[in-house]
Every structure is written in structure tokens, then in C-alpha cells.
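Peer 1: Shown below is the structure under consideration.
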Amino acid sequence: MKIGFLASHGGSNMQAIIDACKAGSLQAEPVVVISNNGASRALERAAEEGIAGLHLSAKVVGDEEKLDDAILDALTSRGVDVVVLAGYMRKIGPRVLEHFKGRILNIHPALLPKFGGQGMFGMNVHRAVVEAGETESGATIHVVDAEYDTGPVLAQARVPLEPGDTAEDVAARVLKVEHQLFSETLQKIVDGEISLP
């Protein structure tokens, strides 16, 4: 299984997947990292790992339509089977969505359908979880569709919340399970234990 990544910032989930591939616990090959942010740590990681890294944004290529085409070309020309969103802070264009329908995966730092939707990312999610008085949170791997966080859920990992937890406490605990959950879920797809829609 060839994996293409879309990332905007640090790419720590991406790194965990790359590490799992190198360790042999995930039988997949990372082939390209695309970032809308030319200064992202994700592109630095790609260079360090010897993986093709591309800075593609509407500013770089001209407009959103050309960006959609450029991303699609970058993925298809490398034979990508599954697209992994690793903290990608943009909506996916319609051509990429259509071509990779059911094969674009995202990780969300909460137990969807709770705490999903537009604006619900990063610390916004963890603050909302704490403010709601939840007793647990976690991470969700889901298929990406045209809306935010509404695609079919493939896997979840739960983490307990303790009284007095801050959003930062929750973020640290959830990130630990995110790194493991994404690689495990991808391997289950490789093994046929999880079928993509």
C-alpha cells in the first residue's frame, strides 16, 4: 500500500506512520508528502526520510482549481493507494475527493461524532471536551468526505479524563493514542480486517 500524506504543520502522526513502516509493523510505503506550508516541519521530515516533499498551495500554483489538479497529479503519478491527512488545515478539492473516494483518511482528536465540525481542530477540541465535563475523550480515524468530520468512522481509541485535567493534559494523552491508532488502522486495511467504503 502506497501512502501519500497531506500535512500543514508538524506532521507528528505522519512521522509515527513512517516509523511504523520502517519498523515493519506497517506493511506500507510512504511515497509523497504534500504541504500547503513551505516552512512546515512535515516537509523537513520528508526530506530527512528521503520521501518526496512538495509545497503546493493556491498561492504557489495560482488558484484552488489548479491546486486540486496539482495535488491529484502528485498523488496519482506516484501510485498512491491511500491518502492520509496528518494535520492538513485545508479542505480537499473535489477532484482529489472524487478520485480517492473512500481512500482519504483523517484522524480527529476526539470521539466523533462528538466535538467535530468546522473550527474543531487541535486545542479547540480539547478545550471543548474539558468545558463539557466529559469523562473520556480519544481519537477517531475516519474516511474524509466533502464535509468536516462526517465520513464513516473506521476506528477509535479512548482515553479517560481525570478531574482537574486541562486541555493540555487531554491533548498529550490523546496524541499518544493517535500515533498508535493510525498505524494499527492502516495495517488492518492492508490485512483486509477493515474495508474502505
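Only the coordinates and a few stated rules stand behind these numbers; no lab work does. The shown structure was predicted, so the numbers you read here are calculated from the model rather than taken from an experiment. Glycine also receives a Cβ, built like all others from the backbone with ideal geometry; neighbour counts cover every protein chain displayed.
Peer 1: Along segment 40-56, what does the Karplus equation 6.51 cos²θ - 1.76 cosθ + 1.60 (θ = phi - 60°) give for ³J(HN,Hα), rounded to whole Hz, x for Gly and Pro?
Peer 2: 6, 5, 4, 5, 4, 4, 4, 4, 4, 8, x, 9, 4, x, 10, 9, 10
Peer 1: While we're here: Charges only on Cβ, +1 for Lys and Arg, -1 for Asp and Glu: so what's the dipole of the chain about the Cα centre, in debye to the nearest 20?
Peer 2: 240
Peer 1: Sticking with this structure for a sec: Pop out the ³J(HN,Hα) list for segment 77-93 in order, Karplus 6.51 cos²θ - 1.76 cosθ + 1.60 with θ = phi - 60°, rounded to Hz; leave Gly and Pro as x.
Peer 2: With coefficients 6.51, -1.76 and 1.60, one gets 5, 9, x, 4, 9, 10, 9, 10, 8, 10, x, 8, 9, 10, 6, 7, x Hz.
Peer 1: Could you work out which residue, out of Leu43, Leu186, Leu161, moves most in a Gaussian network model of the chain, that is, has the largest mean-square fluctuation with Cα springs under 10 Å?
Peer 2: Looking only at Leu43, Leu186, Leu161, the biggest GNM fluctuation is shown by Leu161.
Peer 1: A further question on this structure: Pick out which of Ala139, Ala110, Ala157 has the largest mean-square fluctuation in a Gaussian network model of the chain, springs linking Cα atoms closer than 10 Å.
Peer 2: Maximum fluctuation in the GNM of the chain, among the listed residues, is at Ala157.
Peer 1: Something else now. With a sphere of radius 11 Å drawn around the Cβ of Asp81, what net charge do the other residues whose Cβ falls strictly inside it have (Lys, Arg +1; Asp, Glu -1)?
Peer 2: +2
Peer 1: Dipole magnitude of segment 36-102 about its Cα centre, charges +1 at Lys/Arg Cβ and -1 at Asp/Glu Cβ only, in debye to the nearest 20?
Peer 2: It comes to approximately 160 debye.
Peer 1: Might you report the magnitude of the Cβ-based charge dipole of segment 48-145 about its Cα centre, with Lys and Arg at +1 and Asp and Glu at -1, to the nearest 20 debye?
Peer 2: Its charge dipole is roughly 80 debye.
Peer 1: Please report the antiparallel percentage of the DSSP beta bridges confined to the chain, to the nearest 5.
Peer 2: 40
Peer 1: Right, another one. Can you tell me, using C-alpha contacts under 8 Å and at least 6 residues apart, the relative contact order of the chain as a whole percent?
Peer 2: Relative contact order comes out at 21 percent.
Peer 1: Count the net charge of all other residues whose Cβ sits under 15 Å from the Cβ of Asp165, scoring Lys and Arg as +1 and Asp and Glu as -1.
Peer 2: With Lys, Arg at +1 and Asp, Glu at -1, the neighbours total -2.
Peer 1: OK, next. Exceeding 30 Å between C-alpha atoms, which entries from my cross-link table qualify? They are Lys91/Lys176; Lys22/Lys114; Lys2/Lys176; Lys59/Lys176; Lys66/Lys176; Lys59/Lys188.
Peer 2: Listed pairs above 30 Å: Lys22/Lys114; Lys59/Lys176; Lys66/Lys176; Lys59/Lys188.
Peer 1: Quick check on the exposure proxy: order Thr76, Thr135 from fewest to most C-beta atoms within 10 angstrom.
Peer 2: Thr135, Thr76
Peer 1: Farthest toward the dipole's positive end in the chain, which of Gly133, Ile34, Gln15, given Cβ charges of +1 (Lys, Arg) and -1 (Asp, Glu) about the Cα centre?
Peer 2: Ile34
Peer 1: Counting GluC sites (Glu not before Pro) as exposed when in a DSSP loop with at most 13 other beta carbons within 10 Å, what is the longest stretch of the chain free of them?
Peer 2: The segment 1-146 is the longest one with no such site.
Peer 1: What ranking of Leu54, Leu111 emerges when the number of other C-beta atoms within 10 Å of each C-beta is taken as an exposure proxy, fewest first?
Peer 2: Starting with the residue having the fewest Cβ neighbours, the order is Leu54, Leu111.
Peer 1: From the square roots a ≥ b ≥ c of the eigenvalues of the alpha-carbon gyration tensor of segment 1-116, which class results: rounded (a/c under 1.5), prolate (a/b over b/c), or oblate?
Peer 2: Values: a/c = 1.35, a/b = 1.16, b/c = 1.17.
Rounded, because the longest to shortest axis ratio a/c is under 1.5.
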